[in-house]
There are 2 protein chains.
Amino acid sequence: MSAATRSRTSDPLEARRAILDQASQLLAESGPEALTMRKLSQRIGASTIVLYRHFRDKQAILDELYLEGFERLRADLARVPLSDPLPYVMDLGRAYRRCAIANPTYYQVMFTRCIAEFDPSPESREVSKQSFLILAGAVQRCMDLGVAARGDAAQIAHILWGTLHGLISLELFGYMPPSVSGEARLEHALTIMRDGLVSPLSPNIP
Amino acid sequence: MSAATRSRTSDPLEARRAILDQASQLLAESGPEALTMRKLSQRIGASTIVLYRHFRDKQAILDELYLEGFERLRADLARVPLSDPLPYVMDLGRAYRRCAIANPTYYQVMFTRCIAEFDPSPESREVSKQSFLILAGAVQRCMDLGVAARGDAAQIAHILWGTLHGLISLELFGYMPPSVSGEARLEHALTIMRDGLVSPLSPNIP
DNA sequence: CAGGCGCCCATAACACTGTTATGTTCAATC
DNA sequence: GATTGAACATAACAGTGTTATGGGCGCCTG
């Protein structure tokens, strides 16, 4: 019972990783509805019960994928090189879209209830906010350096996030016309947002 | 066989309506995952087979709810009184949010794949664009009357829609802080968008 | 080194889902 | 009133997530 001699096949952490890898592949290849416990168990060459030995239930597996999706997003945003404040914010927006388009099924798990039996755990939701902080920091920087009107940076960042998410979400759902590329549309949206932030007009113009 | 004497219980159109009403209630009361064919059949006091007599499958029922959701949205937007061009666009945005918040489960069916076995039919997707046309027309009016910079009105409308959808979607999903009301956040976003549309800066400011 | 304990795993089942084949029952027609 | 045909309930099929039941293997103990 010496803490490292407990499993029959191999390292339990390794098994966990294998399960998550296969779940991730299954998700990316065939979409959320194809990610069933039976299919997953077949992939790792075992019975369903093995999955339940490593994870409490399907929710727990999806929770890990959810976290992995947000970690990819956070990492992609963190990779964006710092530049002038406004262009940096726009670069973050571009990176956000690239990440979502590159991992559409992950994005679904992160932002839609595409699997009935999944609702992210409170802890996971906390982690998900990490990526947001990068964006909020970038907005704050714009205000601090005086290139955007002062105000509640978090609020502005939330609005930016909403715009990014909405455009991407509608694009992934097929509501956007194919005549304009999603990239160009995002570019346009970012420009409008920037202009609105740089030069706010009086609160009550006609 | 005189075309009106075919059903055992009552008017088939009436039965259809009853099924959809119960489905709508079930959806609003207990969410998408509670909308099962068995529960629905129990609600109308019949067997599941009756549902399949009136609808090809569950998809067809959900398709009707999808259409009903977009019809409510279109009607709500159409009810917004015409005013000065820019305030009218903003009023449309406010009405859009009100409608979404008032019918959250409908909004889920319309914009997320919350039910695995449902994907709106091509015809339904066409109908869904009707509400968008109201928004696009309002943006075009701003350009025609010279209160917004000229450009592709449809593109701007798509961006506006994306912003609305993103903010509402994140709000419904619980990603927005409760410290600020969704209404106030939308107000702020609409203002930023308006300012960006009214006074576009040079395309390449720092 | 033999014994036995304990964990791991596969099988099969439960309760649920959408969907449908099998009979039964009722209403309109001849 | 008998017949025909459509509408219906029941029960089943193939799936789903999850778990209770046992068999089998590895490791510690005597």
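The values are calculated or read from the model by the stated rules, or taken from the named source; none is laboratory data. Quantities reported herein were computed from a predicted structural model and do not represent experimental measurements. Ideal geometry is used to build each Cβ from the backbone, glycine not excepted, and the neighbour counts take in all protein chains shown. Just so you know, the surface numbers come from the protein's heavy atoms only, side chains and all, with ligands and any DNA or RNA stripped out. Shrake-Rupley method; radii C 1.70, N 1.55, O 1.52, S 1.80 Å.
Miscellaneous remarks
- Residues in the stretch A:160-184 that are in contact (Cβ under 8 Å) with a residue 24 or more places away in the chain and closer than 18 Å to B:GLU187 by Cβ: A:LEU160, A:TRP161, A:THR163.
- Residue check for A:ILE168: more than 11 Å from chain B (Cβ to nearest Cβ), in contact with a Lys or Arg (Cβ under 8 Å, 6 or more places away or on another chain) and modelled with pLDDT of 95 or more: no
- Scanning the stretch B:96-106 for residues being in a helix (DSSP H, G or I), polar (S, T, N, Q) and away from chain A (no Cβ under 12 Å) gives a total of 0.
- Among the residues of the stretch A:46-95, those identified as away from chain B (no Cβ under 14 Å), within 16 Å of DNA strand D (Cβ to nearest atom) and part of a helix (DSSP H, G or I) are A:THR48, A:ILE49, A:VAL50, A:LEU51, A:TYR52, A:ARG53, A:HIS54, A:ALA60, A:ILE61, A:ASP63, A:GLU64, A:LEU65.
- One residue stands out among those in the stretch A:1-34 that are open to solvent by 90 Å² or more (accessible area, probe 1.4 Å) and basic (Lys, Arg): the one that is modelled with the lowest pLDDT, which is A:ARG6.
- Filtered residues of the stretch A:35-45 (kept if near DNA strand C (Cβ under 8 Å from one of its atoms) and either open to solvent by less than 30 Å² (accessible area, probe 1.4 Å) or assigned to a helix (DSSP H, G or I) (or both)): A:SER41
- When each of B:GLU33, B:GLU14, B:GLU29 is tested for being of a type in the set (D, E, K, R), within 14 Å of DNA strand D (Cβ to nearest atom) and under 17 Å from B:GLU68 (Cα atoms), the lone residue that passes is B:GLU14.
- Residue check, A:GLY196 at the interface with chain B (Cβ under 7 Å from one of its Cβ atoms), at pLDDT 95 or above and open to solvent by less than 20 Å² (accessible area, probe 1.4 Å): no
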